[in-house]
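As structure tokens, the structure follows; a few thoughts come after it.
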Amino acid sequence: MSIRILDDYMDNDVAYLLGLIMIRGTFHIEGDVRRLIIHFPYQLMEVQALPNSNLRFNQDEKIRLSLDDIRRRINELLDVNVDIERNKNVISLKAVFTKNTMSWRNLRLLCKNKTNFYEFEVPEVMYEMPEDIQKEFIRGIADAASSPSYSDRDQAGYQRIVFQFPYQNWRLPLQVCKLLQENLGIKVQHILWGHPNVRTPGEDEGHWAKEHRMRIYAEEFVKIGFNFEYKQEILKELAKYNLEKGHNSKYCNPKIKKIRANQIKPRHSDESNEKLPSEIRGKHFDTYFQICCALGCTQGKEGNQKELYEDEL
């Protein structure tokens, strides 16, 4: 599918839906029935305000209203039935296609005919889209993968927004980071990879295969924000807190970072585990940015964003 064709198809609604699909979506085909299912884990729907916050609201009601808004938006976009199913740990939106519609085929093509969020990648065309469409795509990811919380702060107390990517997908975090930094000028602090060297160095197998966590300071992410109103309210409060404390975010630039003595990690018995992608399997890493580079991060090179390599980090 060419960029020219997608220019006619892509708009803010499609971009938002694509963001949801990239981070928590699955495609299912059973006979003549096709389903698109998007999962919202409860833990990524609940927010936590600052201890002295004046914000008060019923989270269950806010979650329900937000999901109803998404259901209507998808229904209007795709002209399909969309149901909401609630289980113990996850809420799912299920869109049912009774025919092989153009919308179904376009979505499948944009996802390179892959079937689930363990393997989805940012569509190349997204890097060529206008800024408003790119931001709406990121909001789709954020609404399903991030929940602003006072507990997500650094050692100095500055508040961060954390995107949680499924452990099985090692491509998407880098691609989203590139879109944020190079295209939208949003500074990413770092990616905490689900790797034995950085998550549980020195421990046995079984504790390191966790979600990848991309961390962005709140005052940076407020430039994009959430579509979920209640998440947006918490985000603005966290961003204001950081700005009042005088925080100054910097771009993540793996190409110029250096390893400090206190970052040296011990060898881990699972460095060659088959769960790891081939690019990093069998290699030792002392810190996250080495993994970024080994997976193909090219940020920091001279180009349309010189501040990436001119900033002191």
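Full-extension gain between Glu229 and Ile259, please, as 0.36 nm times their residue separation minus the C-alpha to C-alpha distance. Each step should come with its number before you reach the end.
Values: separation 30, 0.36 × 30 = 10.80 nm, distance 4.00 nm.
Residue separation times 0.36 nm, minus the Cα-Cα distance, leaves 6.8 nm.
What is the gain in length, in nm to one decimal, between Tyr42 and Glu128 on full extension, counting 0.36 nm per residue of separation less the C-alpha to C-alpha distance? Please report the intermediate quantities before stating the final value.
On the way: separation 86, 0.36 × 86 = 30.96 nm, distance 3.32 nm.
Using 0.36 nm per residue and subtracting the Cα-Cα distance, I get 27.6 nm.
Over the chain, with a Gaussian network built from C-alpha contacts below 10 Å, which listed residue (Arg24, Arg64, Arg139) shows the highest mean-square fluctuation?
Maximum fluctuation in the GNM of the chain, among the listed residues, is at Arg64.
What length, rounded to one decimal in nm, is gained on full extension from Asp286 through to Thr98, with 0.36 nm per residue of separation minus their alpha-carbon distance? Numbers along the way, then the final one.
Values: separation 188, 0.36 × 188 = 67.68 nm, distance 5.05 nm.
Length difference between fully extended and current span is 62.6 nm.
For the chain, give the percent of accessible area contributed by carbon and sulfur heavy atoms, probe 1.4 Å, rounded to a whole number.
Answer for the chain: carbon and sulfur cover 42 percent of the accessible area.
Using the Kirkwood formula over every pair of different C-alpha atoms, what hydrodynamic radius in Å results for the stretch 112-251? Provide the component values of the computation, followed by the final result.
Values: mean 1/r = 0.0632 Å⁻¹.
That comes to 15.8 Å for the stretch 112-251.
All other residues with a Cβ under 12 Å from the Cβ of Leu93 taken together, and with Lys, Arg as +1 and Asp, Glu as -1, what is their net charge? Working shown, then result.
Numbers: positive: Arg24, Arg35, Arg71, Arg72, Arg73, Arg86, Lys94; negative: Asp68, Asp69, Asp83, Glu85, Asp143.
Once positives and negatives cancel, what remains is +2.
Taking amide H positions as placed 1.01 Å from N in the peptide plane, with prolines and chain starts having none, which residues 5 or more places from Arg153, or on another chain, fall under 5 Å of its amide H?
Amide H to amide H, under 5 Å and 5 or more residues apart or across chains, Arg153 pairs with Arg160.
Which is the longest stretch in the chain that no exposed loop site breaks, taking sites as GluC sites (Glu not before Pro) with a DSSP loop state and at most 10 other Cβ atoms within 10 Å?
1-273
Could you sort Ser151, Ser103 by their accessible area in this structure, using a 1.4 Å probe and putting the largest first?
Ser151, Ser103
Sorted from largest to smallest, which semi-axis lengths in Å does the alpha carbon gyration tensor of the chain give for its equivalent ellipsoid, taking the root of 5 times each eigenvalue? Provide the component values of the computation, followed by the final result.
Numbers: eigenvalues 191, 114, 85 Å².
Those come to 31, 24, 21 Å.
Here is the link list: Lys112/Lys187; Lys62/Lys135; Lys114/Lys265; Lys135/Lys275; Lys88/Lys112. Which ones come out longer than 25 Å on Cα distance? Could you put the intermediate results ahead of the total?
Values: Lys112/Lys187 28 Å; Lys62/Lys135 23 Å; Lys114/Lys265 36 Å; Lys135/Lys275 32 Å; Lys88/Lys112 32 Å.
Going by Cα-Cα distance, Lys112/Lys187; Lys114/Lys265; Lys135/Lys275; Lys88/Lys112 fall outside the 25 Å limit.
The values are calculated or read from the model by the stated rules, or taken from the named source; none is laboratory data. In this text the structure is predicted, and so the values were computed from the model without any measurement. Every residue, glycine among them, receives a Cβ derived from its backbone with ideal geometry; neighbour counts consider all protein chains shown. The accessibility values were calculated without ligands, DNA or RNA, using every heavy atom of the protein model including side chains. Shrake-Rupley method; radii C 1.70, N 1.55, O 1.52, S 1.80 Å.
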